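The values are calculated or read from the model by the stated rules, or taken from the named source; none is laboratory data. Values in this document were obtained by computation on a predicted structure and should not be read as measured data. All Cβ positions, even for glycine, are placed from backbone atoms using ideal geometry, and neighbour counts span all protein chains on display.
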Amino acid sequence: MKKVLIANRGEIVLRVIRAARELGLKTVAVYSDADENAMHVREADEAYHIGKSPPPMSYLNIANILDAVKRSGADAVHPGYGFLSENADFAKAVVESGTTWVGPSPQVLHSIESKSYCRKLGRKLGVPITPGTADNVDDVETIVRLFRELGPPLLLKLDKGGGGKGIQPICTEDQIVPVFESSKSIGKMAFGSPECYVEKRIANPRHIEVQCLGDNEGNYVALGERECSVQRKYQKVVEEGPSPVVSVEDRQKLQSWAVSILREMGYNNAGTVEFLRDENGNFYFMEVNARIQVEHPVTEMITGMDLVKTQLLIAMGERLGIRQEDVNIRGNAIELRIYAEDPFTFVPSPGTVTEIAFPRLSNGVRLDHALEPGLKVSPFYDPMLAKLIVHAADRRGAIELMKESLRAFRIEGVKTTIPLGLLIMESDAFVEGSFTTDTLAGLIEAATTR
Amino acid sequence: MDHKVTATMPGLVARVVVNVGEKVAEGQEVAVINCMKTEISVKADKPGAVKEILVKEWDEMQVGDPMVVLEI
């Protein structure tokens with residue numbers, strides 16, 4: 001591997017460039033019309049234009065990106081997160097062009113597009129899944145039987161759905177037929193598949209995920225968990241590790257489940273196994289995120305490992321240099337995602353960044369971003385502006401460090417969620433560690449009606 | 001008289017939800033704009049009948065760009 005093309009935009013491109021440079025690799029950026037002057041384009045060794053600003057015409061356009069691979073002579077592709085990062089067709093096309101894909105194999109990506117594949121795998125391995133069907137359902141009678149057996153509310157979910165789309169609750173028996181019909185239709189339109197399955201809705205869940213790495217020889221390590229229960233609009237706002245509700249025994253159990261799932265899948269490279277935890281402390285396997293995740297710095301801070309560099313090394317065919325017993329989790333890390341949005345209504349706030357005051361960075365304070373004065377925050381892409389990550393000896397220390405950093409952090413020209421971050425860090429629910437995925441809405445309501 | 005319903009946020013046209021000839025009430029959704037992955041509803045600010053649709057999926061919108069012409 002000599003030259004890696006990063007098929008993405010913004011801060012994650014800068015992150016991959018940093019890791020690639022440490023391995024002596026050349027880097028290639030791609031860009032749309034809107035990103036012609038973006039920092040990720042200037043920081044890479046080379047950059048290629050891949051189309052107009054709308055994602056389907058550039059960052060989601062497989063043919064255009066493959067063309068940039070060819071023109072640049074890159075011998076590897078790192079997909080980052082979002083966009084085409086988990087697209088099996090893209091991975092397959094990259095591999096078939098003789099280029100190294102930095103991620104799990106196209107076959108694995110294809111299998112895990114199906115949620116019912118993951119549910120069946122969980123059942124087979126004895127890893128708990130939420131009560132419901134493992135297979136997809138194709139008749140109303142099965143849903144009626146489950147409704148009577150499990151009780152409301154149920155969730156009807158699309159087998160190939162994602163991003164919270166196509167999830168519909170069933171609260172009464174007479175909703176079954178209309179919800180089933182509408183789900184099938186949404187699935188066909190949005191994801192090309194009408195298949196769906198049914199599960200019991202977990203009340204006040206907490207989102208816990210286990211970061212793993214696997215090399216091409218079948219060696220795996222689990223790097224502890226991250227908790228991502230502070231969410232808005234199905235998107236994560238705060239992630240932390242370790243989770244305040246996961247005991248040492250829980251961690252061992254979750255890690256061994258995660259590794260057994262990935263091993264059974266024949267999974268390679270970085271991946272995250274997602275679980276929900278219910279109010280009684282039961283865990284349920286949900287899905288596998290087959291990419292480097294936005295929140296990977298949390299794990300990097302508490303393990304001292306460079307996950308992106310390890311991804312590149314695994315893709316080069318190197319064996320994992322770390323064994324499970326060598327994984328050492330130290331202190332607590334918290335990440336806050338800062339979005340260009342109204343902090344309390346979440347209405348997007350595109351525009352131009354005019355002025356920035358950065359927080360003081362140190363060993364315990366990291367900022368991953370592509371911010372600079374004059375940055376045009378485009379309406380075409382994700383609103384995330386930056387990720388502020390702090391690490392301290394304990395959770396309380398991390399919260400204080402986050403508050404101090406947020407008070408010093410100023411971005412002018414667009415609205416940002418910095419004030420929301422402070423509200424969360426100062427809330428009893430976060431300080432106590434009692435946050436669930438439903439808590440944020442109530443917190444905002446209390447703050448805005450005060 | 002013609003009246004243009006315009007984009008209230010910048011972004012990409014996600015879809016137009018009315019057809020030419022259709023009657024729309026004031027406040028009825030006529031199109032959806034995707035701004036930073038959030039769907040923003042564009043509503044008729046006057047009642048009328050749809051005379052012309054000026055945009056298609058993935059068109060780039062700035063605030064104030066006309067999207068749908070109503071006969072009012």
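Scanning the range A:63-107 for residues that are among the aliphatic types (A, V, I, L, M), in contact (Cβ under 8 Å) with a residue 40 or more places away in the chain and closer than 20 Å to A:Gly187 by Cα yields one hit, A:Leu84. Tell me which residues, restricted to the range A:338-349, are within 13 Å of another protein chain (Cβ to nearest Cβ) and either in a loop (DSSP other than H, G, I, E, B) or closer than 28 Å to A:Glu300 by Cβ (or both). Across the range A:338-349, the qualifying residues are A:Tyr339, A:Ala340, A:Glu341, A:Asp342, A:Thr345, A:Phe346, A:Val347, A:Ser349. None of A:Ile65, A:Ile17, A:Ile12 is assigned to a helix (DSSP H, G or I) and closer than 20 Å to A:Val377 by Cβ except A:Ile12. When restricted to residues that are under 22 Å from B:Glu57 (Cα atoms) and either touching a residue at least 24 places away in the same chain (Cβ under 8 Å) or part of a helix (DSSP H, G or I) (or both), the range A:36-62 contains 9. Candidates in the range A:264-308 are the residues that are without any contact (Cβ under 8 Å) to a residue 60 or more places away in the chain and assigned to a loop (DSSP other than H, G, I, E, B); of these, the one that is surrounded by the fewest Cβ atoms within 10 Å (Cβ to Cβ) is A:Asn280. Among the residues here, B:Val30 qualifies as modelled with pLDDT of 95 or more and within 30 Å of A:Ala340 (Cβ to Cβ).
Yes/no matrix, rows are residues, columns are (1) under 22 Å from the mean Cα position of the chain (by Cα); (2) surrounded by fewer than 19 Cβ atoms within 10 Å (Cβ to Cβ); (3) not assigned by TED's automatic domain parsing to the domain that holds A:Pro152:
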residue	(1), (2), (3)
A:Val210	yes, no, yes
A:Leu213	yes, no, yes
A:Asn216	no, yes, yes
A:Cys228	yes, no, yes
A:Tyr234	yes, yes, yes
A:Pro242	yes, no, yes
A:Leu254	yes, no, yes
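Please find, within the range B:20-42, the residue that is farthest from the other protein chains (Cβ to nearest Cβ) out of those that are more than 21 Å from A:Phe346 (Cβ to Cβ) and in a strand (DSSP E or B). Only one residue fits best here, namely B:Lys23. B:Asn34 meets the stated requirement of being without any contact (Cβ under 8 Å) to a residue 60 or more places away in the chain, closer than 19 Å to A:Met57 by Cβ and of a type outside the set (Phe, Trp, Tyr).
How many residues does the range A:387-410 contain that are under 22 Å from A:Ala357 (Cα atoms), crowded, with 19+ Cβ neighbours inside 10 Å and in contact with a helix residue (DSSP H, G or I) (Cβ under 7 Å, 6 or more places away or on another chain)? Give the steps one after another, and end with the answer.
First, pick out the residues of the range A:387-410 that are under 22 Å from A:Ala357 (Cα atoms): A:387-391, A:398-410.
Still in the running and crowded, with 19+ Cβ neighbours inside 10 Å: A:387-391, A:398-399, A:401-402, A:405-406, A:409.
Still in the running and in contact with a helix residue (DSSP H, G or I) (Cβ under 7 Å, 6 or more places away or on another chain): A:387-391, A:399, A:402, A:406, A:409.
Total satisfying the criteria: 9.
Would you tally the residues in the range A:209-232 being assigned to a strand (DSSP E or B) and under 17 Å from A:Ala270 (Cα atoms)?
Qualifying residue count, the range A:209-232: 13.
All conditions but one from (1) in contact (Cβ under 8 Å) with a residue 24 or more places away in the chain; (2) surrounded by 15 or more Cβ atoms within 10 Å (Cβ to Cβ); (3) under 27 Å from A:Gln235 (Cβ atoms) apply to A:His110; the one that does not is (1).
B:Glu39 meets the conditions (1) modelled with pLDDT under 95; (2) out of contact with any strand residue (DSSP E or B) (no Cβ under 6 Å at 6 or more places or on another chain); (3) of a type in the set (Asp, Glu) in every case but one. The failed one is (2). For the range B:46-68, filtering for residues that are within 14 Å of chain A (Cβ to nearest Cβ), surrounded by 14 or more Cβ atoms within 10 Å (Cβ to Cβ) and part of a loop (DSSP other than H, G, I, E, B) leaves 4.
What number of residues in the range A:373-398 are closer than 28 Å to B:Trp58 by Cα and either hydrophobic (A, V, I, L, M, F, W, C) or more than 9 Å from every other protein chain (Cβ to nearest Cβ) (or both)?
8
Looking at the range A:350-401, the strands (runs of 3 or more DSSP E) lying wholly inside it that each contain 1 or more residues that are closer than 14 Å to A:Ile12 by Cα sit at A:365-369, A:384-392. Condition first: in contact (Cβ under 8 Å) with a residue 60 or more places away in the chain and under 30 Å from A:Lys309 (Cβ atoms). Can you find one or more residues in the range A:136-157 that meet it? Checking the range A:136-157: not a single residue is in contact (Cβ under 8 Å) with a residue 60 or more places away in the chain and under 30 Å from A:Lys309 (Cβ atoms).
Residue-wise test of (1) surrounded by 18 or more Cβ atoms within 10 Å (Cβ to Cβ); (2) touching a Leu at 6+ places or on another chain (Cβ under 7 Å); (3) modelled with pLDDT of 95 or more; (4) within 25 Å of A:Glu318 (Cα to Cα).
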| site | (1), (2), (3), (4) |
| --- | --- |
| A:Ile6 | yes, no, yes, yes |
| A:Arg9 | yes, no, yes, no |
| A:Val16 | yes, no, yes, yes |
| A:Ala19 | yes, yes, yes, yes |
| A:Val28 | yes, yes, yes, yes |
| A:Glu36 | no, no, yes, no |
| A:Arg42 | no, no, yes, no |
| A:Glu46 | no, no, yes, no |
| A:His49 | no, no, yes, no |
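I'm checking my understanding of the structure. Among residues of the range B:1-19 that are away from every other protein chain (no Cβ under 14 Å) and in a strand (DSSP E or B), which one is nearest to A:Val414 (Cα to Cα)? Restricting to residues being away from every other protein chain (no Cβ under 14 Å) and in a strand (DSSP E or B), the top hit is B:Thr6. Among the residues of the range A:411-444, the one identified as surrounded by 15 or more Cβ atoms within 10 Å (Cβ to Cβ) and at positive phi is A:Gly413.
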